[in-house]
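To start, the structure itself, in structure tokens.
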Amino acid sequence: MRVSQAALVLVDLQNDFLPGGALGVPGADHVIPLANRLQANFDLVVATQDWHPPDHVSFAANHPGKHVGDVIDVDGRPQQLWPVHCVQHSHGAALATGLDTGRIAHRIYKGTNPRIDSYSGFFDNARQHSTGLNEYLRSKGVTKVYLAGLATDYCVKFTALDARQLGFDVVVLRDACRGIDAVAGDVERAIEEASAAGVKILLSDQLGC
Ligand code: VGL
Ligand code: ZN
């Protein structure tokens, strides 16, 4: 099947999110070959990249006395703290070694504001700033978005929810995603939350590849 008016959005398939990386997601390495195969089904492929400055608010190391996993208040918003990851221009922030990048038409960089994190590929967590993904997809006539990538319970989930809210048809290819599951069940709950919001959950072989 070839899907037009549709885009494949590869979410944060970056070295730091692979096992052994700064914020390794279990099983994320299995997503890469699948993401490579999936691309052949789409006329348009877009990639998001988490792209933090070194002084980013989400890094536990930037908050003396705080630890990875702590949640702090930043300008009235809860901010979960992570290991230093996806620092702009670092190897960890590059698209995963092994990912075919030749058909990626456009890249969206997010999490660039030192004070505001960005899980969604569309808006920062304060919903102050558009990354340009919505505008880009609209300019290409896209009405349906297929999501694959990392992490199911963070960036994939929030990208899916925002895409729905923006009026796209949204499909999460669940076997082409992996999650952090910091609390057991987070991935399952993320899928349920997305599904309840009208996101279709499919397996990639249901696309015919
Ligand atoms: C992500 C945690 C921190 C993600 C990004 O890509 O899901 N998770 N930054
Ligand atoms: Zn991040």
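Can you run down the residue pairs with Cβ atoms below 8 Å, 6 or more apart or on separate chains, where the first is in the stretch 174-196 and farther than 19 Å from HIS30 by Cβ and within 11 Å of ligand 1 (Cβ to nearest atom) and the partner is modelled with pLDDT of 95 or more and open to solvent by less than 60 Å² (accessible area, probe 1.4 Å)? Correct list of pairs: ALA182/GLY69; ALA182/ASP153. Selection of the stretch 123-132 for residues being within 16 Å of ligand 1 (Cβ to nearest atom) and either in a strand (DSSP E or B) or touching a residue at least 40 places away in the same chain (Cβ under 8 Å) (or both) yields PHE123, ASN125, ALA126, THR131. Taken over the stretch 1-25, the criterion of being within 15 Å of the chain's Cα centre (by Cα) and either open to solvent by 10 Å² or more (accessible area, probe 1.4 Å) or without any contact (Cβ under 8 Å) to a residue 12 or more places away in the chain (or both) is satisfied by ASN15, ASP16, PHE17, LEU18, LEU23, GLY24.
Under the condition of being over 26 Å from TYR136 (Cα atoms) and part of a helix (DSSP H, G or I), the residues counted in the stretch 17-31 number 3.
For the stretch 102-130, the set of residues classified as over 22 Å from ALA163 (Cα atoms) and open to solvent by less than 60 Å² (accessible area, probe 1.4 Å) consists of PRO114 only. Among the residues of the stretch 1-15, the ones that are within 18 Å of VAL171 (Cβ to Cβ), part of a strand (DSSP E or B) and at pLDDT 95 or above come to 6 in all.
I'd like to check something: does the stretch 89-101 contain any residue that is farther than 16 Å from ASP12 by Cα, away from ligand 2 (no atom under 13 Å from the Cβ) and either touching a residue at least 40 places away in the same chain (Cβ under 8 Å) or assigned to a strand (DSSP E or B) (or both)? Scanning the stretch 89-101, I find no residue that is farther than 16 Å from ASP12 by Cα, away from ligand 2 (no atom under 13 Å from the Cβ) and either touching a residue at least 40 places away in the same chain (Cβ under 8 Å) or assigned to a strand (DSSP E or B) (or both), so the answer is no. Within the stretch 131-157, restricting attention to residues that are open to solvent by 50 Å² or more (accessible area, probe 1.4 Å) and of a type in the set (S, T, N, Q), which residue is nearest to ligand 2 (Cβ to nearest atom)? My answer is SER139. Residue count for the stretch 42-61 satisfying the condition of being open to solvent by 10 Å² or more (accessible area, probe 1.4 Å) and under 18 Å from ILE104 (Cβ atoms): 3.
The conditions of being more than 21 Å from ARG174 (Cβ to Cβ) and within 15 Å of ligand 2 (Cβ to nearest atom) are not met by LEU18.
Would you confirm, using the coordinates I've provided, whether LEU34 is in contact with a helix residue (DSSP H, G or I) (Cβ under 9 Å, 6 or more places away or on another chain) and either within 16 Å of ASP169 (Cβ to Cβ) or not in a helix (DSSP H, G or I) (or both)? The answer is no for LEU34. Of the residues contained in the stretch 74-81, one or more are found to be within 15 Å of ligand 2 (Cβ to nearest atom), in contact with a strand residue (DSSP E or B) (Cβ under 9 Å, 6 or more places away or on another chain) and open to solvent by less than 30 Å² (accessible area, probe 1.4 Å).
Here GLY167 fulfils each of the conditions (1) without any contact (Cβ under 8 Å) to a residue 60 or more places away in the chain; (2) surrounded by fewer than 17 Cβ atoms within 10 Å (Cβ to Cβ); (3) at negative phi; (4) not charged (D, E, K, R) apart from (3). Every listed requirement among (1) of a type in the set (Gly, Ala, Ser); (2) in a helix (DSSP H, G or I); (3) within 14 Å of ligand 2 (Cβ to nearest atom) is met by SER120 save one, (2).
The values are calculated or read from the model by the stated rules, or taken from the named source; none is laboratory data. Bear in mind the structure is a predicted one, so any value in this text is a computation, not a measurement. Glycine gets a Cβ as well: all are built from the backbone with ideal geometry, and neighbour counts include every protein chain shown. When the accessible area is computed, the model is the full protein with side chains, heavy atoms only, and any ligands, DNA or RNA have been set aside. Shrake-Rupley method; radii C 1.70, N 1.55, O 1.52, S 1.80 Å.
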